[in-house]
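Reviewing the structure listed below.
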Amino acid sequence: IPFSSERKLMSTLEADTAHGGEIAIMTKGAPDVLLARCTRERVGSGEEPLTDARREQIQRDIDRLGDRALRTLAVAYRPLATTEAPAPDTDLERELIFAGLVGMIDPPRVEVADAIAEAQRGGIRVVMITGDHARTAARIATDLGILPAPPPSLAVMTGDELDAQDDAALRRRARDVSVYARVAPEHKLRIVAALRADGNVVAMTGDGVNDAPALKAADIGVAMGVAGTDVSKEAANMILADDNFATIVAAVREGRAIFANIRTFLRYLLGSNAGEVLTMFIGVLAASVVGLEAGGGVIAPLLATQILWINLLTDSAPALALGFEPPPRDVMRHPPRGLAERIIDRRMAVNVVTIGLVMAASTLATMDLGLPGGLFHGSGDLDEARTMGFTVLVLAQLFNAVNARSERVSAFIGLARNRRLLGAIGLSLVLQVLVVHLDFLNVAFETVPLSFGSWVLCATMASSTLWASELLKLLAHRQKG
């Protein structure tokens with residue numbers, strides 16, 4: 001008589017050769033279920049009635065084993081007083097003779113506790129659903145860090161308690177319950193539905209045929225690749241090749257790292273290109289203020305060839321190098337993003353516009369310092385002023401490449417982790433020096449050599465991009481705190 005999660009029992013018919021081939025039914029299963037079908041118990045070589053006092057003592061033994069994180073199994077039997085095997089029927093599983101309890105340890109993998117702790121730091125709530133005894137489930141959940149020690153009294157819900165809850169009540173209880181014990185397959189489906197109805201994104205793991213409905217109902221169904229059935233794999237969105245919970249957390253970490261790199265790439269390119277656009281736009285609109293007027297006409301802040309050179313330097317090697325940025329150190333230390341959250345959210349939009357304005361302001365201010373007119377009366381000519389503005393915009397975008405690595409963490413932390421980025425910045429800087437100081441490139445890009453003092457001024461003005469970004473991160477950190 002096969003096991004089922006509804007009956008929580010399994011029986012076989014055996015021929016006792018020591019007693020002339022007499023048939024006996026042998027049953028094993030959940031102790032609380034099996035005890036209800038027993039009327040006597042085996043004591044030594046004889047049998048005695050199973051009294052209420054003995055039932056209470058056996059229950060205490062079950063609890064004691066469960067508190068030691070042991071999975072408990074009860075064994076019982078009944079001679080059928082026949083040598084002819086009857087047809088298998090669950091009606092045979094009655095008036096059994098209790099033989100004893102078995103406590104088995106099924107220890108979780110050593111890496112699971114660390115994986116659960118990492119998931120919790122990342123705002124991911126781990127819920128355990130098991131067919132084990134409630135005390136066993138509570139002890140294992142405590143050892144793994146799913147429940148605090150000692151666990152709260154209402155932290156574990158059994159299948160019987162779940163049946164007594166309507167959908168609305170279960171949804172409220174599911175907010176606090178992290179362990180479900182002695183559950184049936186239909187309970188898993190109700191738990192998933194309750195969590196989703198409360199606005200959660202639910203990932204469900206399973207391996208059996210009975211898990212398929214819950215896997216299908218979850219936002220992300222995860223089937224076991226080794227122990228899982230074909231039915232569960234067909235119902236799932238994802239198959240776990242090594243049946244290891246820690247791999248799920250590793251996948252979350254990797255997914256967050258990829259998403260963070262996409263945002264880093266966008267933050268850098270949009271901020272840098274905004275700086276170029278705003279430099280040209282503001283430079284033309286405020287030409288009289290900056291000193292970019294001559295003969296009643298407006299002078300473009302940068303030439304087309306210079307803009308192309310800026311894009312060649314900053315949108316190629318540094319941008320590609322940002323794709324190799326290691327995952328942020330805090331990638332698993334903040335909650336998941338909301339379902340409605342955009343890739344380019346309000347925070348990134350503010351960052352892009354702010355960095356673009358700072359780049360444009362520092363570029364145009366540097367040009368104004370070198371031109372006779374404008375707010376600052378310089379003594380240089382247009383070619384020198386334009387070369388300085390051109391250089392400031394290149395350097396500002398290289399600073400921005402360092403800024404864009406994280407929207408939370410200071411640019412000065414972990415700077416050496418991405419050596420490709422440092423190499424790309426160094427290459428771009430060398431090329432900019434060449435375009436300023438080589439004669440044939442001076443002719444091609446209409447630049448002039450700059451003095452050491454001018455280079456220092458350009459680097460100082462360009463660094464305002466770095467300080468503006470650091471200020472934004474500091475303000476965001478204080479608002480969060």
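Miscellaneous remarks
- The C-beta contact set for segment 350-368 (first residue in contact (Cβ under 8 Å) with a residue 60 or more places away in the chain, second residue outside any helix (DSSP H, G or I) and hydroxyl-bearing (S, T, Y), distance under 9 angstrom, 6+ apart or interchain) comprises S362/S463.
- Residue ID - nearest to the chain's Cα centre (by Cα), chosen from residues in segment 110-160 that are of a type in the set (D, E, K, R) and within 30 Å of R7 (Cβ to Cβ): D143
- Contacts under 7 angstrom Cβ, first residue in segment 34-50 being within 14 Å of Y77 (Cβ to Cβ), partner assigned to a loop (DSSP other than H, G, I, E, B) and open to solvent by 30 Å² or more (accessible area, probe 1.4 Å), 6 or more apart: R37/R94; T39/E95
- Selection status of L195, touching a residue at least 40 places away in the same chain (Cβ under 8 Å) and within 24 Å of R173 (Cβ to Cβ): yes
- Tally, over segment 273-289, of residues that are assigned to a helix (DSSP H, G or I), farther than 10 Å from A361 by Cβ, of a type outside the set (V, I, T) and in contact with a helix residue (DSSP H, G or I) (Cβ under 9 Å, 6 or more places away or on another chain): 6
Per-residue answers, yes or no, for (1) closer than 26 Å to R253 by Cβ; (2) of a type in the set (K, R):
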| site | (1), (2) |
| --- | --- |
| I343 | yes, no |
| R347 | yes, yes |
| T354 | no, no |
| L357 | no, no |
| M367 | no, no |
| P372 | no, no |
| M388 | no, no |
| L393 | no, no |
| A396 | no, no |
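- Top-ranked residue in segment 295-308 [being touching a residue at least 60 places away in the same chain (Cβ under 8 Å) and not in a loop (DSSP other than H, G, I, E, B); ranked as farthest from F399 (Cα to Cα)]: T305
- Close Cβ contacts (under 8 Å, 6 or more residues apart or on different chains) running from residues in segment 311-328 that are touching a residue at least 40 places away in the same chain (Cβ under 8 Å) to residues that are open to solvent by 50 Å² or more (accessible area, probe 1.4 Å) and assigned to a loop (DSSP other than H, G, I, E, B) comprise P328/R408.
- Here A81 fulfils each of the conditions (1) modelled with pLDDT under 90; (2) under 50 Å from the mean Cα position of the chain (by Cα); (3) small (G, A, S) apart from (2).
- Long-range neighbours under 7 Å by Cβ, at least six apart or interchain, first residue closer than 23 Å to L144 by Cβ and touching a residue at least 12 places away in the same chain (Cβ under 8 Å) within segment 219-246, second among the basic types (K, R) and open to solvent by less than 60 Å² (accessible area, probe 1.4 Å): A223/K233
- For segment 347-364, the count of residues that are more than 19 Å from V284 (Cα to Cα), among the charged types (D, E, K, R) and assigned to a loop (DSSP other than H, G, I, E, B) is zero.
For (1) part of a helix (DSSP H, G or I); (2) free of Cβ contacts under 8 Å to residues at least 60 places away in the same chain; (3) at negative phi; (4) crowded, with 16+ Cβ neighbours inside 10 Å, each residue gets a yes or a no:
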site: R405; (1), (2), (3), (4): no, no, yes, yes
site: I425; (1), (2), (3), (4): yes, no, yes, yes
site: Q432; (1), (2), (3), (4): yes, no, yes, yes
site: L441; (1), (2), (3), (4): yes, yes, yes, no
site: L450; (1), (2), (3), (4): no, no, yes, yes
site: C458; (1), (2), (3), (4): yes, no, yes, yes
site: M461; (1), (2), (3), (4): yes, no, yes, yes
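Residues are listed down the side, and each one gets a yes or a no for (1) out of contact with any Cys (no Cβ under 7 Å at 6 or more places or on another chain); (2) surrounded by 13 or more Cβ atoms within 10 Å (Cβ to Cβ); (3) at pLDDT below 90; (4) under 26 Å from V202 (Cα atoms):
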{"residue": "A321", "(1), (2), (3), (4)": "yes, yes, no, no"}
{"residue": "E325", "(1), (2), (3), (4)": "yes, yes, yes, no"}
{"residue": "R333", "(1), (2), (3), (4)": "yes, no, yes, yes"}
{"residue": "R346", "(1), (2), (3), (4)": "yes, no, yes, no"}
{"residue": "N351", "(1), (2), (3), (4)": "yes, yes, no, no"}
{"residue": "T354", "(1), (2), (3), (4)": "yes, yes, no, no"}
{"residue": "S362", "(1), (2), (3), (4)": "yes, yes, no, no"}
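- Scanning segment 178-199 for residues that are within 23 Å of the chain's Cα centre (by Cα) and hydrophobic (A, V, I, L, M, F, W, C) returns V179, I191, V192, A193, A194, L195, A197.
The values are calculated or read from the model by the stated rules, or taken from the named source; none is laboratory data. What you are looking at is a predicted structure, and each value in this text was computed from that prediction instead of being measured. Cβ atoms come from the backbone with ideal geometry, glycine included; neighbour counts cover every protein chain shown. Each accessible area value is taken on the protein alone, full model and side chains, heavy atoms only, with ligands, DNA and RNA left out. Shrake-Rupley method; radii C 1.70, N 1.55, O 1.52, S 1.80 Å.
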